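Participant: Starting off with a structure, shown below.
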Amino acid sequence: MDFEPKLVGFLCKWCSSAGADLAGVSRESYPSNLVPITVNCSGRIDVNHIVKALKDGADGVLVSGCHPGDCHYTSGNYKTWRRVALLKHVLEDFGLNPDRVRLEWISATEGEKFARTVEDFTAEIKELGPGPFSNAQE
Amino acid sequence: MAIKPRIGVFICHCGENIAGTVDVSDLAEEIIGYDNVSFSTDYEYMCSDPGQNKIKEAIEEENLTGVVVAACSPSMHEDTFRGAVEDVGLNRYQCEIANIREQCSWVHGEAGDRPTQKALKIIKGAVEKVKRNVSMEPVEREHSAKCLVIGGGIAGIQAALDVAEAGNEVILVEKEPTIGGHMAQLSETFPTLDCSQCILTPKMVELNQHPNIELMAYSEVKDISGYVGNYSAQIERKPTYVDEDACNLCGDCEDACPVEVTDEFNQGLETRKAINIPFSQAIPSSYTLDTDSCLGLNPLRCSECSEACDADAIDFDQSSEYLEEEFGAIIVATGYDLYPKEEMGEYGYGKYEDVIDGLQFERLLSATGPTGGVVRRPSDGKIPENVVFIQCSGSRDPENHNSYCSKICCMYTAKHAKLYKESVPEGNAYVFYIDIRAGGKNYEEFIQDVREEDRVLYLKGKVSKLKRADGKMRIWGLDEIAGERVEIDADLVVLAQSVVPSEGTDETSKKLNLNLGANGFFKEAHPKLRPVESLTGGVFFAGTGQGPKDIPDSVSQGSGAAAKAIDLLAKPKISHDPQVVEIDEDLCSGCGLCVGQCPYDALEINSQGVAEVNEILCEGCGTCASGCPTNALNLRNLTDEQLTEMIHAHIGD
């Protein structure tokens, strides 16, 4: 059986989850590997949550928020930006491929971008193979 | 000892929308064995009355402590289902939505059970969340019943009048010396051709006389802080150096003033004095001394105006007054400008005197304008025999200028051409256009009338070149319909210049924490369903600041914004979403990192040395909770524990 990665997507409620809804309304098709968790703001996403997902067996984590300058809460996405950038360095130090964590800006009008992002991320993680703690079936 | 959660899961078929892709009966069977799920069922349309009744009955019969509805996006029916559970005594926050339509069934056409498996994970995540949710009641606060209207064009005037008529106090702040906005500059209005000032000035007077409205012209909002229902604003009233009550509008000061500068009200087609009144029906009805052009507020340098004034109305000692006021609601009606000359290289705009914009042409047509309503071209005062109107100047041109349609230009150009032909019947009017957009009541008929009765020649195509030669503007263009090149020697060229957000829109957006769209106009909360609301609670939009609009649309939106403000101000108390941050004082080290991360100034380190949250100011983004090094902060109903368990439900095993 082909490797089907398990992916977690943290989506902010105002932009990215609304963008994912628009992908649905527009019937954009994308792989079902990513399971979404909607949070109020991308700023709510703690690096611990990302690490927890990877440790639990996720092969990749998508973090998605409003575009810079467009955060519903003014500036939460800027904090996420810094936190994820820092986390990627730490992951690398611990021998994890930082590409397993992806940060994207997806607005409420970018349904197609959401679909293509998930499609692309799924393909990329398939290419990378299972993560070190993966519990996906091969 | 807490009671063990008993969660009910309700799976919606949404006709075939969900059931066509996801095996709903399989979901209902699978989830029943999951932790704390004591009831599950599926139904064709959960949002229908019978569907909601199923939820209510199950809550009562099964003693459910929480509910998960697996259906469409929470943006659709979260309120519906939360209302339903409330009907039978469950707290509304004990209901969560698992979005298995927009984020699952509609996007996964894969064969097999993968879409069903994903839906199951989404539902399990929602179960993990809801069983840890706490019951919450809205946070309630007193609020001010006053309304601030920023901008005194027609949209702001209408909004202020409506709010005041409902019995609320209003302060209208206008940065210019008079209210009226661009509408005061217009000659006639399409499609009825009633005189603009004749329909506008009664509204201006009504506003000025209204007992509930305080007009602050020549004023600016310097600073705004606070939140819905409780904004506090600092407003600066700039000195006009003329005592409004004493001034009798005799005009002696203006005659005496030795300084002549460009007249903004007449769009630079005329000059004005340093002491001036924009137009005779201006409100407030008083002169203003413009200090930028005045020789100096010093009798030693020049005091011609002061000496000429018999009423002793001129007061060089005036200074700015600052007003601090509390407001419950704010209506932003800051209007538009025309796309600036500096941005336009083509058509000789800003270079040749006889290439003018639409507002300048309005002034030429207006009886109160520089030519007394006779169309004379600026360079030599000659009555033009050939006038070329160019539409979409700066609009619908994504490569060079603005990509959007300015919406009002097709109609005002037709009006311009008609009024010109009425004024100069033997003259020729040509209109270059890309498309004619006349979507409004009686608009298309108006255009037809202009084309057929007034014999204005419409040429579909763009102007490629414009050059000045022998006192005329030579225009090379294309007539796409005839398939020919055309060359016209015009005496006057009028550009239907693109509509852009007024100068200062950006600054206003920052002061009020408002979003701007890609084109710089204010962004409404929802493009279709919440067109007059901003995403900042208690702030509403009226008029062209939100996008190009004609007068009827601006007035409608003014009334719409007023209705929203009245609705808010009429509430006895304002309630606030109770999903805010909580602080575990035992864990807090008082480092203060959270204070700096909060965009709303909702956090502080209190006298005990620990963080404290102002629940009214907290908007519940949770950024501070994720940044706290000791995990002392948590977002209510989206705690670290909840997120951890949701992740586990999605990934585990």
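Participant: Looking for whichever is of a type in the set (D, E), within 13 Å of another protein chain (Cβ to nearest Cβ) and either in a helix (DSSP H, G or I) or in contact with a Ser or Thr (Cβ under 6 Å, 6 or more places away or on another chain) (or both) here; the options are A:E104, A:E124, A:E119. Which one fits?
Facilitator: A:E119
Participant: Please work out which residue is nearest to B:Q597 (Cα to Cα), limiting yourself to segment A:39-54 and to residues that are facing another protein chain (nearest Cβ under 7 Å) and β-branched (V, I, T).
Facilitator: A:I45
Participant: Residues being of a type outside the set (K, R), within 7 Å of chain B (Cβ to nearest Cβ) and outside any helix (DSSP H, G or I): count how many of those fall in segment A:8-30.
Facilitator: 4
Participant: Could you list all residues from segment A:55-79 that are more than 7 Å from chain B (Cβ to nearest Cβ), touching a Cys at 6+ places or on another chain (Cβ under 8 Å) and free of Cβ contacts under 8 Å to residues at least 60 places away in the same chain?
Facilitator: Result: A:S64, A:G65, A:C66, A:H67, A:C71, A:Y78.
Participant: A further question on this structure: From B:E533, B:E582, grab the single residue that is free of Cβ contacts under 8 Å to residues at least 60 places away in the same chain and either buried (at least 18 other Cβ atoms within 10 Å of the Cβ) or within 11 Å of the chain's Cα centre (by Cα) (or both).
Facilitator: B:E533
Participant: So which helices (runs of 4 or more DSSP H) are wholly in segment B:498-613 and hold at least 3 residues that are assigned by TED's automatic domain parsing to the domain that holds B:S626 and within 25 Å of B:T639 (Cβ to Cβ)?
Facilitator: Counting at least 3 such residues, we get B:593-597.
Participant: Being outside any helix (DSSP H, G or I) and touching a residue at least 12 places away in the same chain (Cβ under 8 Å) is the filter here; which residues of segment B:341-353 pass it?
Facilitator: Scanning segment B:341-353 gives B:M344, B:Y349, B:Y352, B:E353.
Participant: Before we move on, is B:A625 in contact with a helix residue (DSSP H, G or I) (Cβ under 7 Å, 6 or more places away or on another chain), in a helix (DSSP H, G or I) and within 11 Å of chain A (Cβ to nearest Cβ)?
Facilitator: Yes, satisfied.
Participant: Then there's this: Touching a strand residue (DSSP E or B) at 6+ places or on another chain (Cβ under 9 Å), more than 26 Å from B:V580 (Cβ to Cβ) and either more than 9 Å from chain B (Cβ to nearest Cβ) or among the aromatic types (F, W, Y) (or both), is that true of A:F114?
Facilitator: Here the answer is yes, as A:F114 does meet what is asked.
Participant: Hey, another quick one. Name the single residue that is nearest to B:S534 (Cα to Cα) among those in segment B:557-575 being without any contact (Cβ under 8 Å) to a residue 60 or more places away in the chain and surrounded by fewer than 17 Cβ atoms within 10 Å (Cβ to Cβ).
Facilitator: Of everything passing the filter in segment B:557-575, B:D567 is nearest to B:S534 (Cα to Cα).
Participant: Out of A:G131, A:G69, I need the residue that is surrounded by 22 or more Cβ atoms within 10 Å (Cβ to Cβ) and assigned to a loop (DSSP other than H, G, I, E, B). Which one?
Facilitator: Checking each option against the conditions leaves just A:G131.
Participant: Going by what's in this entry, would B:C294 be described as without any contact (Cβ under 8 Å) to a residue 60 or more places away in the chain and not in a loop (DSSP other than H, G, I, E, B)?
Facilitator: Here the answer is no, as B:C294 does not meet what is asked.
Condition check ((1) assigned by TED's automatic domain parsing to the domain that holds B:G520; (2) in contact (Cβ under 8 Å) with a residue 40 or more places away in the chain; (3) surrounded by fewer than 18 Cβ atoms within 10 Å (Cβ to Cβ); (4) among the aliphatic types (A, V, I, L, M)) across all residues:
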{"residue": "B:N402", "(1), (2), (3), (4)": "no, yes, no, no"}
{"residue": "B:C405", "(1), (2), (3), (4)": "no, yes, yes, no"}
{"residue": "B:H416", "(1), (2), (3), (4)": "no, yes, no, no"}
{"residue": "B:E422", "(1), (2), (3), (4)": "no, no, yes, no"}
{"residue": "B:V431", "(1), (2), (3), (4)": "no, yes, no, yes"}
{"residue": "B:A469", "(1), (2), (3), (4)": "no, no, yes, yes"}
{"residue": "B:R474", "(1), (2), (3), (4)": "no, no, yes, no"}
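Participant: Name the residue, out of B:P202, B:P211, that is over 30 Å from B:A602 (Cα atoms) and assigned to a loop (DSSP other than H, G, I, E, B).
Facilitator: B:P211
Participant: Looking at segment B:192-249, which of its residues are over 20 Å from B:Y322 (Cβ atoms) and of a type in the set (D, E)?
Facilitator: B:D194, B:E206, B:D245, listed by residue number.
Participant: Out of B:L478, B:L492, which single residue is closer than 24 Å to B:I436 by Cα, free of Cβ contacts under 8 Å to residues at least 24 places away in the same chain and surrounded by 16 or more Cβ atoms within 10 Å (Cβ to Cβ)?
Facilitator: B:L478
Participant: Evaluate the following for B:E619: is it farther than 29 Å from B:Q117 by Cβ, touching a residue at least 60 places away in the same chain (Cβ under 8 Å), among the acidic types (D, E) and touching a His at 6+ places or on another chain (Cβ under 9 Å)?
Facilitator: no
Participant: For A:V35, indicate whether it is closer than 20 Å to B:K121 by Cα, surrounded by 24 or more Cβ atoms within 10 Å (Cβ to Cβ) and more than 7 Å from chain B (Cβ to nearest Cβ).
Facilitator: So A:V35 fails the test.
The values are calculated or read from the model by the stated rules, or taken from the named source; none is laboratory data. Only a predicted model underlies this, so the values are computations on that prediction, with no experimental measurement involved. Glycine gets a Cβ as well: all are built from the backbone with ideal geometry, and neighbour counts include every protein chain shown.
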